[in-house]
1. Which of the strands (runs of 3 or more DSSP E) found entirely inside segment 48-124 contain at least 1 residues meeting this: closer than 21 Å to L15 by Cβ?
2. Restricting to segment 62-83, what's the tally of residues that are more than 20 Å from Q228 (Cα to Cα) and exposed (fewer than 15 other Cβ atoms within 10 Å of the Cβ)?
3. Of the numbered conditions (1) surrounded by fewer than 21 Cβ atoms within 10 Å (Cβ to Cβ); (2) free of Cβ contacts under 8 Å to residues at least 24 places away in the same chain, L171 fails exactly one; give the number of that condition.
4. If I go through segment 169-189 residue by residue, how many of them are at negative phi and in a strand (DSSP E or B)?
5. Taking segment 269-295 as the region of interest, how many residues are out of contact with any helix residue (DSSP H, G or I) (no Cβ under 7 Å at 6 or more places or on another chain), under 16 Å from D89 (Cβ atoms) and not charged (D, E, K, R)?
6. For segment 190-295, please list each of the helices (runs of 4 or more DSSP H) lying entirely inside it that holds at least 3 residues being over 15 Å from D62 (Cα atoms) and either aliphatic (A, V, I, L, M) or open to solvent by 60 Å² or more (accessible area, probe 1.4 Å) (or both).
7. For segment 131-168, give me the residue count where each residue is within 15 Å of V251 (Cα to Cα), part of a helix (DSSP H, G or I), touching a residue at least 40 places away in the same chain (Cβ under 8 Å) and of a type outside the set (K, R).
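The values are calculated or read from the model by the stated rules, or taken from the named source; none is laboratory data. Here the structure is a predicted model, which is why all the values come from computation and not from measurement. In this analysis, Cβ positions are derived from the backbone assuming ideal geometry, glycine residues included, and neighbour counts consider all displayed protein chains. Quick note on the areas: whole protein, heavy atoms, side chains included, nothing else; ligands and nucleic acids left out. Shrake-Rupley method; radii C 1.70, N 1.55, O 1.52, S 1.80 Å.
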Amino acid sequence: IEADVAHVPYFAPPLWPTIPTVVTIHDLIPLLLPTYRATWAIRAYVRLVSLAARRASLVLTDSEASARDIVRHLGLPRERLRVIYLAVDASYHPVAPEARGEVLRRLALPDEFLLYLGGFDHRKSVIPLLEAYARARERLQGLPLVLAGRLPRKDSAFAPDPRPAIARLGLEGQVYLPGWVDEADKPALYSAALAFCFPSAYEGFGLPVLEAISCGTPAIVAAGSSLQEVAGHGGLVVPPGDVAALSAALVRLASERTLRAELSDAGLQHAQRFSWKRTAAQTLAAYEQAMRPAS
């Protein structure tokens with residue numbers, strides 16, 4: 001099969017490309033976070049694909065934060081990088097109370113809550129979120145926390161099971177664990193939450209944050225990677241791993257209705273910057289640039 005350009009949508013381009021090649025590097029998690037490169041095989045793989053990425057015609061990435069990491073750690077010239085944001089589909093919008101009530105009843109969740117939705121590996125900072133919630137419990141006046149997502153099969157340093165921490169912190173009955181949430185139910189879940197809490201220490205983009213603000217739900221995110229970029233003015237930003245700051249942010253969004261409304265409006269406006277149509281157009285432009293002869 002003959003082709004004019006190849007697009008490798010993951011951090012694994014060919015070492016010796018024979019046609020113009022575009023590679024997408026979503027993030028540098030395997031390179032920057034020691035937990036993700038624990039074995040010699042993973043370390044060797046990361047070195048190999050890093051070398052291959054330098055030989056690609058163009059590198060695409062999901063955020064300015066990831067672009068900075070790629071320049072700094074892979075030594076790629078900035079002019080060979082293109083930041084192309086991801087997006088969410090039209091189903092992510094504010095859901096009316098009647099429609100979201102059906103989803104909440106089916107998932108056995110309360111009418112109001114703080115929400116986390118995502119994975120449970122260590123960088124997601126779910127245990128610090130639980131500690132922040134425990135610190136704030138009296139000021140939250142009984143407002144529950146929902147941790148949605150598939151729970152780890154076993155407790156480990158890489159993916160801590162939140163249930164032991166819930167027991168240790170005395171949070172039984174205050175933290176709900178609905179497990180995996182179907183894609184069709186997510187907009188209603190986001191819309192019902194007073195705030196979306198996503199204090200991950202590192203993300204190449206952070207799609208759940210965009211999903212949340214597209215539903216009009218203010219976010220709490222950690223500084224230091226792409227999350228502040230994705231949330232825009234639709235959220236509060238806390239230092240990564242700062243339990244006290246995260247606890248204070250939980251209380252602010254739970255208790256300050258005016259602040260929630262302001263962040264919700266700002267988040268909905270910011271979310272309009274992201275569209276799959278724009279993503280597709282920018283990706284096509286990257287292909288066209290990669291096929292041009294080098295001057």
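1. Of the strands (runs of 3 or more DSSP E) lying wholly inside segment 48-124, those with at least 1 residues that are closer than 21 Å to L15 by Cβ span 58-61, 81-83.
2. Of the residues in segment 62-83, the ones more than 20 Å from Q228 (Cα to Cα) are 73-81.
Now drop any that are not exposed (fewer than 15 other Cβ atoms within 10 Å of the Cβ), which leaves 73, 75, 77-79.
Going through segment 62-83 one residue at a time, the tally reaches 5.
3. (2)
4. 4
5. Keep residues of segment 269-295 that are out of contact with any helix residue (DSSP H, G or I) (no Cβ under 7 Å at 6 or more places or on another chain), which gives 269, 272-273, 275-295.
Imposing the further condition that a residue be under 16 Å from D89 (Cβ atoms) reduces the set to 272-273, 275-280.
Next, only the ones that are not charged (D, E, K, R) stay: 272, 275-276, 279-280.
The total comes to 5.
6. Result: 243-255, 257-271, 276-291.
7. Number of matching residues: 5.
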